[in-house]
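Asks: Let me give you the structure first, and then I'll get to my questions.
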Amino acid sequence: MFIGAIADDLTGATDLSLTLSREGMRVLQVVGVPTPDLDIGDAEAVVVSMKSRTNPAAEAVCMSLAAAEVLRGWGARQFLFKYCSTFDSTDQGNIGPVADALMTFLGTDRTIACPAFPTNGRTVYRGHLFVGDRLLSESSMKDHPLTPMRDADLVRVLGRQSGNRVSLIGRETVAAGDAALKSAFDRLSGIAIVDAIDDADLRAIGRAARDLPLITGGSGIALGLPANFLPQGRAASETALPVPDGRAVFLAGSCSAATRQQIARAIADGVPALKLDAIAIAENRVSVAEAVSFCLGAAGELPPLVWSSAEPAEVQRAQDRLGRDRAGAVVEAFLSDLAEALAGRGFNRFVIAGGETSGAVVTRLGVPALEIGPEIDPGVPWTRSRGGAAPLALALKSGNFGAEEFFLKAWRLLP
């Protein structure tokens with residue numbers, strides 16, 4: 001095994017697994033901290049997907065170190081800490097504390113941080129993170145219910161979290177060539193935010209980072225890593241994803257602007273939809289049994305959609321009434337209960353929007369590992385469960401990812 005990766009949420013891990021797979025690596029995605037005796041087969045990269053992005057920093061550190069210990073035992077030569085391309089993290093963590101802990105664990109005093117994912121509009125210039133042509137702090141991420149991002153200067157953001165010195169390696173160094181960039185990495189002390197505005201930058205960063213024990217960033221940073229280990233010219237093979245006949249369902253818990261647009265488009269295209277409300281769930285005014293009945297009764301051509309996504313003002317009302325953590329937890333628990341009930345009634349194709357929601361649902365369904373299938377949209381593949389009670393097809397989407405027609409596009413991609 002060459003690359004051992006630790007991702008702070010499930011959809012991010014799937015995104016990373018897809019990137020490594022497309023660059024020619026044999027990849028296995030593991031759900032949760034694995035046991036050392038797990039059979040990883042001939043995997044050249046193992047991606048451990050956790051649900052640690054919004055945990056207390058100390059918990060995230062503990063989980064990440066446990067995963068790193070197993071990955072090192074399996075022989076990983078290089079470690080990658082993967083987080084969201086919008087750098088979702090408060091001043092208390094978790095990116096800085098986890099990066100610091102992994103540096104100590106691996107005995108290194110230097111690493112890089114680059115969340116850029118240009119294909120999805122995330123770029124870093126002069127240390128500032130852009131979403132499309134807007135600064136992160138001016139994008140919809142400023143109103144994220146759990147990790148509102150109101151500072152686009154990643155040197156400042158990470159500097160408030162990390163005990164290491166945080167510096168910048170600017171685009172002029174990235175564009176100066178591999179030797180100049182590798183020299184900058186060799187001289188580095190602490191953590192450097194690295195500019196990247198296109199895939200060529202990410203590939204250059206990957207080549208220059210071949211000697212770093214630890215790399216941190218979004219999935220885009222993995223574009224240039226497999227070539228450091230694999231025979232020249234190896235290409236990814238198209239992965240078939242045979243799944244048994246069964247029914248499909250769309251579940252959406254993300255409150256991102258992208259997911260809300262996707263929901264609106266799906267409903268406009270005729271998808272039968274049931275909206276959930278966090279306060280109604282908490283007050284027992286809606287039941288899982290009612291949602292199951294809705295899904296079973298949606299016998300038309302299109303799968304049903306059960307969604308809790310809400311505008312920022314509605315989210316704020318729920319958080320004011322229930323508390324920030326409980327407002328999200330009741331929805332995740334409801335959708336997890338619903339998925340479990342549907343899996344026992346012939347549903348085996350799940351399209352899930354939201355990293356936190358995906359993590360909760362997949363954990364409830366008892367999926368130990370995932371194989372990567374065809375890409376739906378950049379960063380979002382279909383996956384197939386490996387192990388567990390019964391085979392499942394799962395499309396796990398970060399809230400911010402996917403085209404407006406994502407739901408029906410995902411459904412129509414499967415046979």
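Each reported figure results from applying straightforward, stated rules to the coordinates on display, with no laboratory input. This is a predicted model, so every value here is computed, not measured. Virtual Cβ from ideal backbone geometry, glycine too; neighbours counted across all protein chains shown.
Asks: Tally the DSSP beta bridges in region 247-413 and give the antiparallel ones as a percent, rounded to 5.
Replies: Numbers: 9 of 26 bridges.
Rounded to the nearest five, the antiparallel share is 35 percent.
Asks: Considering only DSSP states other than H, G, I, E and B, which trypsin sites (Lys or Arg not before Pro) in region 129-169 qualify as loop sites with at most 11 other Cβ atoms within 10 Å? Intermediate results must be reported in sequence, preceding the final value.
Replies: Values: sites: ARG134, LYS142, ARG150, ARG156, ARG160, ARG165; in loops: ARG150, ARG165.
Here no loop site has a sparse enough neighbourhood.
Asks: If you don't mind, there's one more thing I want to ask. Using a Förster distance of 30 angstrom, determine the FRET efficiency expected from the C-beta separation of LYS142 and LEU65, and round it to 0.05.
Replies: 0.45
Asks: Let me ask something else. Take ASP109 and LEU230, extend 7 Å from each Cα along the Cα→Cβ direction, and tell me the distance between the two endpoints in nm.
Replies: 3.5
Asks: I would also like to ask the following. Expressed in whole Å with the largest first, what are the equivalent ellipsoid semi-axes of the chain derived from the C-alpha gyration tensor as the square root of 5 times each eigenvalue?
Replies: Working: eigenvalues 231, 112, 74 Å².
In descending order the semi-axes read 34, 24, 19 Å.
Asks: Additional query: Fully extended, how many nm does the chain gain between ALA280 and GLN92 (0.36 nm per residue separation, minus their Cα-Cα distance)? Walk me through the numbers before you get to the answer.
Replies: Details: separation 188, 0.36 × 188 = 67.68 nm, distance 3.12 nm.
Contour length minus Cα-Cα distance gives 64.6 nm.
Asks: Given charges of +1 on the Cβ of Lys and Arg and -1 on the Cβ of Asp and Glu, with all other atoms neutral, how large is the dipole of region 3-228 about its Cα centre, in debye to the nearest 20?
Replies: Values: 22 positive and 27 negative charges, 69 e Å.
Rounded to the nearest 20 debye, it is 340 debye.
Asks: About the Cα centre, and with charges only on the beta carbon of Lys, Arg (+1) and Asp, Glu (-1), how big is the dipole of the chain? Nearest 20 debye, please. Provide the component values of the computation, followed by the final result.
Replies: On the way: 40 positive and 47 negative charges, 43 e Å.
Computed charge dipole of the chain: roughly 200 debye.
Asks: Which shape class applies to region 129-261: rounded if a/c is under 1.5, otherwise prolate when a/b exceeds b/c and oblate if not, where a ≥ b ≥ c are the square roots of the Cα gyration tensor eigenvalues?
Replies: Values: a/c = 2.31, a/b = 1.17, b/c = 1.97.
Note, shape of region 129-261 comes out oblate.
Asks: What ranking do LEU71, LEU302 get, fewest neighbouring Cβ atoms within 10 angstrom at the top? Let's see the in-between values first.
Replies: Details: LEU71 25, LEU302 17.
Arranged by neighbour count, lowest to highest, LEU71, LEU302 become LEU302, LEU71.
Asks: Based on the alpha-carbon set only, what is the convex hull volume of region 308-387 divided per residue, in Å³? Write down the numbers at each step before the final one.
Replies: On the way: hull volume 8.7 nm³, N = 80.
Expressed per residue, the convex hull around the Cα atoms of region 308-387 is 108 Å³.
Asks: Counting only other residues whose beta carbon sits under 15 Å from that of LEU322, what net charge do I get with K and R as +1, D and E as -1? Each step should come with its number before you reach the end.
Replies: Values: positive: ARG285, ARG317, ARG321, ARG324, ARG326; negative: ASP277, GLU283, GLU314, ASP320, ASP325, GLU332.
Result for the neighbourhood of LEU322: -1.
Asks: Taking Cα centroids, how far is region 15-56 from region 278-317 in Å?
Replies: After rounding, the separation between the Cα centres reads 31 Å.
Asks: Only bridges whose two residues both fall in the chain count here: according to DSSP, what percent of them are antiparallel, nearest 5? List each step's numbers first, then the result.
Replies: Working: 21 of 67 bridges.
Of the beta bridges lying entirely in the chain, close to 30 percent run antiparallel.
Asks: While we're on this one: Could you tell me whether region 3-228 comes out rounded, prolate or oblate from its Cα gyration tensor? Rule is a ≥ b ≥ c as square roots of the eigenvalues, rounded for a/c under 1.5, then prolate if a/b exceeds b/c, otherwise oblate.
Replies: Working: a/c = 1.42, a/b = 1.18, b/c = 1.21.
The shape class here is rounded.
Asks: Something else: With the Cα gyration tensor of region 247-413 giving a ≥ b ≥ c as the square roots of its eigenvalues, does the rule (a/c under 1.5 for rounded; else a/b larger than b/c for prolate; else oblate) give rounded, prolate or oblate? List each step's numbers first, then the result.
Replies: Values: a/c = 1.41, a/b = 1.28, b/c = 1.10.
Because its axes are fairly even, with a/c under 1.5, region 247-413 counts as rounded.
Asks: Roughly what would the spin-label model give for ALA341 and ASP186, points 7 Å off Cα along C-beta, in nm?
Replies: A separation of 6.2 nm, rounded to one decimal place.
Asks: Would you mind telling me which residue in LEU305, LEU322, LEU168 has the biggest mean-square fluctuation in a Gaussian network model of the chain, where springs connect alpha carbons within a distance under 10 angstrom?
Replies: LEU322
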